1. Based on the Cβ-Cβ distance from Glu145 to Asn179, what FRET efficiency comes out when R0 is 41 Å, to the nearest 0.05?
2. Please report, in debye to the nearest 20, how large the charge dipole of the chain is about its Cα centre when each Lys and Arg carries +1 at its beta carbon and each Asp and Glu carries -1 there.
3. If you place +1 on the Cβ of every Lys and Arg, -1 on the Cβ of every Asp and Glu, and leave all else neutral, what size is the dipole of segment 44-158 about its Cα centre, to the nearest 20 Debye?
4. Given R₀ = 30 Å, FRET efficiency for Ala166-Arg103 by Cβ-Cβ distance, to 0.05?
5. Just to be sure I follow: if Rg is taken over the C-alpha atoms of segment 176-255 and Rh is the Kirkwood radius over the same atoms, what is Rg/Rh?
6. Give me log10 I(q)/I(0) at q = 0.11, 0.13, 0.15 Å⁻¹ for the chain, Debye formula, one equal scatterer per alpha-carbon, no solvent.
7. I want to verify a result. In a Gaussian network model of the chain, Cα cutoff 10 Å, which of these has the top mean-square fluctuation: Val236, Val57, Val281?
8. Using a 10 angstrom cutoff on alpha carbons, build the Gaussian network for the chain and name the most mobile of Glu233, Glu286, Glu260.
Amino acid sequence: MQNYIYKILALFIFVILSSCGEAEKQSSENEASEGKADDRIQISKAQFDQNNMELDVIKEMEFPISITTSGMIDVPPENRAVVSATMGGYIKKTPLLIGDKVRKGQLLVTIENPEFVALQQEYMEVNGQLSYLKAEYDRQQTMVEEKISSQKSFLKAESDYKTAVAKYNGLRKQLGMLNISAEQVEKGNISSEASIFAPIAGSITKVNVSRGTFVSPSVSIMEIINNDHIHLELSVFEKDIMKVKKGQLVAFKIPESSTETFKAEIHLVGTSIDENRTIKVHAHLEDEEAANFLTGMFVEANIITDASKQMALPTDAIGVIDDQSYVLALDDTKEGSYYFKQVPVKVQGSYQDMSALGEKVIFKQGTQFLTKGAFSLIGE
């Protein structure tokens, strides 16, 4: 009887222990299942639609291989003019300011100098002597031909006349350089002022004088720049120059004033190396009127030298946490919800809002990724 009771107790204890083991096993499986679900990011269909989220697959596209460089907006030499005086003088009138637009031939400044008066006086004296010297030269020539006068007298008359003609032409040229009318001087209208006119049309970018300033021919009075045709003047390092060729595309930005990317095309490649081991590269803008570029603006540019095919996703599909990039891959769709896995990836580069995955990432064929709205979810 006692043995029978012991057997019943032993059986009862075995059943209890077995039940506990099964409960623990089921509890452990449930915890594992819950832990697996917690690794995924759940988005309801209502949230997906409300936030205008989008799904897409990895695509193969061409990414450019480029050389990074910098430079500036510039104009051709013929579109830049430094204004100076051909003779020294005091500034009497300077009506223009920096930024003023001028047309070719417009009055810029007026200078005054007593030497202008002396120059015109000398011109009038020579001009007055020419008639007499010409008549004497013709007379001596006739007398020599008729053997009435000596050859010596003829040669002296010839020398005096030709010397006066040379002086006359030289003084007339000087007056023209000062923009003083020789015809008015011959009429007796002598002026102590000389005018300087704009050699090109454009905008005033520098004014180095004020009223009363004395200027010499070596002094720059002002500078004019015509922005009708502008270009890029880039500096490419010696190690990269062999990859640069005429006709290549240039993508550039003006970092100080805009985030927009503009395009240009290589037009000339320099043939000499500067002191800082760079070569000048000249590029023409694709659309000069696309922005209000100013001469001297600093640019950051990429010269596209080649292209390579890469697997890519939209840049908006990639988020970065502690220098590691991640994407959200769609793992499951059930009960009106989307479940995403956060997958680490390596980004090689980006172009036109697409990012290249630098290493071969293995996903199932047709795997979809959250391409819009992923940034705010990565890391949750």
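1. The calculated FRET efficiency here is 0.40.
2. 1380
3. On the way: 13 positive and 17 negative charges, 107 e Å.
It comes to approximately 520 debye.
4. E between Ala166 and Arg103, to the nearest 0.05, is 0.25.
5. The Rg/Rh ratio comes out at 1.23.
6. Per q value, in the given order, log10 I(q)/I(0) is -0.98, -1.11, -1.24.
7. Val57
8. Glu260
Bear in mind that the values in this text are calculations on the coordinates, not laboratory data. Computed from a prediction, not measured in an experiment: that's the story for all the values here. All Cβ positions, even for glycine, are placed from backbone atoms using ideal geometry, and neighbour counts span all protein chains on display.
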